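Following: one structure in structure tokens, then a few remarks.
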Amino acid sequence: MEFRKRTLRQLADMICGNATSEDAHFLYRTSSSLTEFFEDLDTDYRHDGSTRRDWVADVLTQILQEPTTGATTLPDTFSRVISHLMEPKDALNEGTDRPGALSLLNVALEREQYEAFYGPDQICYLRHLPTNTIAIPGPNPHRPFSAAERERRELLIAYLDTSSEDQLIEEVLLPLFRQLGFHRITAAGHKDKSLEYGKDVWMRYTLPSQHVLYFGIQAKKGKLDSSGMTKTGNANVAEIHNQALMMLGHEIFDPEIGKRVLVDHAFIVAGGEITKQARNWLGNKLDAAKRSQILFMDRDDILNLYVVTNLPLPNDALPATGTWPDGPPF
């Protein structure tokens, strides 16, 4: 994604707060304030002492180069920059609906065929005018990580290396899926050995249409491979695939509605790597059966989602002192 230099300079002026007193609708930010502004967005950009407007314009150029999901989709970080810039509490010389600031912002954005607007939640969003699609800032596991996020990721890797299967489920997967919007999450089967057909976890997800989907999780701590002779600590993907098929074919009881229901989708989750051979085997099986009901996640997927959703680390994953020297980096 590329914006015109004129647009970038105008946006940079707004972030810096460069304006005369009569038409000032954006907070003036010093060098240290600009660093704090981008720190609040979980980025590593630090003002280097150069001209503020030029530096911010260069940062915005770098942000716009981050990967996106489509040709007209803005990077998640850029959407968060605009949302942070337009926070109602930062209104200057006008009300919290910020009509003056919004007008100035849209003069610049409309040149790139985007429009800023406030939603009912008083958050400023961006709309692509030709397609009328809205960019909603949210967790993007594919965006670049800040130094603090990379540190948290390394700590979580060390935790996963030593944790048990129960800890993987209870301390990592359950908080993660709750944060992602799943509910009625029920885990069983390892401590009491009572859960049938390999369902380590079952949970519900409510669609915007208010329809409910049921999900089951088959979790394994170690690596998933496709070897005939599986090493100790690894699991064979064919066995896990069979357990997922059994999961889809048997009912669970939902006490909230007082009925037995079938699982709509099954997650195969590995606390370690899913080898290339195992992925190929599983992909061929799912393609041959035309099944879209079975999904799989490996360690990298877990780590990236855990970091971008800003979840607290498990207690056993904290540094040896038990606390961060300067507070948590998130």
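Bear in mind these aren't lab numbers, they're just calculated from the coordinates by the rules spelled out. Worth saying up front: this structure is predicted, and the values here are computed from it rather than measured. Positions of Cβ are backbone-derived with ideal geometry, glycine not excepted, and every protein chain shown enters the neighbour counts.
Return 5, 223 ranked ascending by Cβ neighbour count within 10 Å, so the fewest neighbours appear first. Don't jump to the answer; show the numbers that get you there.
Values: 5 10, 223 20.
With the sparsest Cβ surroundings first, the list reads 5, 223.
Sparsely packed loop sites in region 1-73 (the GluC sites (Glu not before Pro) outside DSSP H, G, I, E and B with at most 16 other Cβ atoms within 10 Å) comprise 2. For the chain, build the charge dipole from Cβ charges (+1 Lys, Arg; -1 Asp, Glu) around the Cα centre, then report which of 219, 249, 123 sits farthest towards its positive end. Positive-most Cα among the choices belongs to 249. Measuring how big region 147-317 is from its alpha-carbon positions, Rg and Dmax come out at 16.0, 48 Å. Of 301, 200, 13, the sequence from fewest to most neighbouring Cβ atoms within 10 angstrom is 301, 13, 200. Out of 101, 17, 7, whose Cα points farthest toward the positive end of the dipole of the chain (charges: +1 Lys, Arg; -1 Asp, Glu; placed on Cβ)? Toward the positive end, the furthest listed residue is 7. Taking the chain as the reference, fit the longest principal axis to its C-alpha atoms, fit the long axis of helix 5-16 to the helix C-alpha atoms, and give the angle between the two in degrees, 0 to 90, nearest 10. Here the helix axis deviates by roughly 90 degrees.
Each Cα pair under 8 Å and six or more residues apart adds its separation to the average, and for the chain the resulting relative contact order is 13 percent. Need the list of aspartates and glutamates near residue 89 for cross-linking: C-alpha distance under 12 angstrom, and skip anything on the same chain fewer than eight residues off. Hits, sequence-local ones excluded: 97. Separation of the alpha carbons by more than 26 angstrom is noted, of 221/285; 223/259; 221/276, for 223/259. With contributions of -39500 (n - 2.57) from each DSSP H run of at least four residues, the per-residue ellipticity at 222 nm computed over the chain stands at -10500 deg cm²/dmol. To the nearest whole percent, what portion of all C-alpha pairs in region 5-135 is separated by more than 16 angstrom? Result for the distance tail: 62 percent.
In a simple Cβ point-charge model (Lys, Arg +1; Asp, Glu -1; nothing else charged), region 5-135 has a dipole of about 340 debye relative to its Cα centre.
Look at where the Cα atoms of region 32-54 and of region 245-304 average out, and the two centres are 43 Å apart. Measuring nothing but how far apart in sequence close Cα pairs (under 8 Å, 6+ apart) lie, relative to its length, region 5-135 scores a relative contact order of 22 percent.
Under a point-charge model restricted to the Cβ atoms of Lys and Arg (+1) and Asp and Glu (-1), what is the dipole moment magnitude of the chain relative to its Cα centre, in debye to the nearest 20?
Details: 35 positive and 46 negative charges, 199 e Å.
The calculation lands at about 960 debye.
Among DSSP beta bridges whose residues both lie in the chain, state the antiparallel percentage, nearest 5. Walk me through the numbers on the way to the answer.
Numbers: 21 of 35 bridges.
Here the share of antiparallel DSSP bridges comes out near 60 percent.
Taking the number of Cβ atoms within 10 Å of each Cβ as an exposure proxy, the fewest-first ranking of 7, 162 is 162, 7. With N counted as the residues of the chain, its alpha-carbon radius of gyration over 2.2 N^0.38 Å works out to 1.19.
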